[in-house]
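The values are calculated or read from the model by the stated rules, or taken from the named source; none is laboratory data. What you are looking at is a predicted structure, and each value in this text was computed from that prediction instead of being measured. Please note: Cβ atoms are built from the backbone with ideal geometry, for glycine as well, and neighbour counts cover all protein chains shown.
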Amino acid sequence: MARLDGTVALVTGASSGIGEATAVALAAEGARVALVARRRDRLEALAGRLGGEAIVIEADVTDAEQAKAAVARVVEVAGRLDIVINNAGVMLLGSAVDAPYEEWERMVAVNVDGVLAVTHAALPHLLAAAETADRRVSDVVTISSTAGRIARAGSGVYNLTKFGVGAFSEALRQEVTQRHVRVGLVEPGATVSELRDHLRPELRAAQAKRFETMEPLQATDIAEAVVYMVTRDRRQAVNEMLIRPTEQET
């Protein structure tokens, strides 16, 4: 029997990268996966790979009402919610001087507001699953970054968002851990994803140069970490995992 048989998992940012890989990995463990992102065509294609049980939800999690509706839809269709993976995120680097303020707003909206909106909507259902489901435990995992541990010039607002979700996760953990809702944080280093595609061209080249001498992580490496977290026995809570490429120094 697969380790997550009978569970329902929601993954944000599921249309590519770490989100897509995590959805595939959770489904392989038996979870029914709800795929949440803005790009419906990609979600439909992924759902086709996962089989008929996958739930496709087109939503922008920066809109609290859409996030709330997405969670409600999962519970309506599947009857429960056991696992939430807050993966949606953007990384818009560059000097604070003369930075487009819209980039700062976008990072806060996706990396912070999106996590808060989805988690807020999901908490009652996660608490209920921990009380009544066979596993008697539930999970919320947020994908953060090494940028949530080390601040760097040119990364100030991205650092702010990732330090912020780390603090929120730890405070939330202290509130709900006695009720067997596990709160986890995964902090990847350099990983192959679409994050760099959102950078301005001149910054994209500089970021690529910084990492050109190392072998980056793959999205599946992070997905494996998530699966490890949510498949532990209920007596174990893996609250934080820092994962860097072997050659990454900071």
### Task
Please note which strands (runs of 3 or more DSSP E) are completely contained in region 37-150 and include at least 1 residues that are modelled with pLDDT under 95 and more than 23 Å from Leu26 (Cα to Cα).
none
### Query
Any residue at all in region 220-241 that is in a helix (DSSP H, G or I) and modelled with pLDDT under 80?
no
### Task
Answer yes or no: is there a residue in region 88-103 that is free of Cβ contacts under 8 Å to residues at least 12 places away in the same chain, surrounded by fewer than 16 Cβ atoms within 10 Å (Cβ to Cβ) and under 26 Å from Val238 (Cα atoms).
no
### Residue that is farthest from Arg232 (Cα to Cα) [pool: residues in region 20-35 that are in a strand (DSSP E or B) and in contact (Cβ under 8 Å) with a residue 40 or more places away in the chain]
Ala34
### Query
If you take the residues of region 40-52 that are closer than 17 Å to Val8 by Cα and free of Cβ contacts under 8 Å to residues at least 24 places away in the same chain, which of them is surrounded by the fewest Cβ atoms within 10 Å (Cβ to Cβ)?
Gly52
### Message
Filter region 37-60 down to the residues that are in contact with a Lys or Arg (Cβ under 9 Å, 6 or more places away or on another chain), under 22 Å from Ser144 (Cα atoms) and among the aliphatic types (A, V, I, L, M) and list them by number.
### Response
Ala59
## Note on the structure
Over region 120-152, the set of residues out of contact with any strand residue (DSSP E or B) (no Cβ under 6 Å at 6 or more places or on another chain), surrounded by 20 or more Cβ atoms within 10 Å (Cβ to Cβ) and of a type in the set (Val, Ile, Thr) is Val137
### Task
For Ala171, work out the one condition from (1) on the phi < 0 side of the Ramachandran plot; (2) touching a residue at least 12 places away in the same chain (Cβ under 8 Å) it doesn't fulfil.
(2)
### Query
Taking only pairs six or more apart or across chains, which ones have beta-carbon atoms under 7 Å, a first residue in region 109-122 that is in contact (Cβ under 8 Å) with a residue 40 or more places away in the chain, and a second residue that is in a helix (DSSP H, G or I) and hydroxyl-bearing (Ser, Thr, Tyr)?
Asn111/Thr161; Val112/Thr161
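Taking Val186 as the residue in question, decide whether it is among the hydrophobic types (A, V, I, L, M, F, W, C), crowded, with 21+ Cβ neighbours inside 10 Å and within 20 Å of Pro245 (Cα to Cα).
yes
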### Query
Looking at (1) in contact with a Ser or Thr (Cβ under 6 Å, 6 or more places away or on another chain); (2) surrounded by 20 or more Cβ atoms within 10 Å (Cβ to Cβ); (3) of a type in the set (D, E, K, R), can you tell me which one Asp113 breaks?
(2)
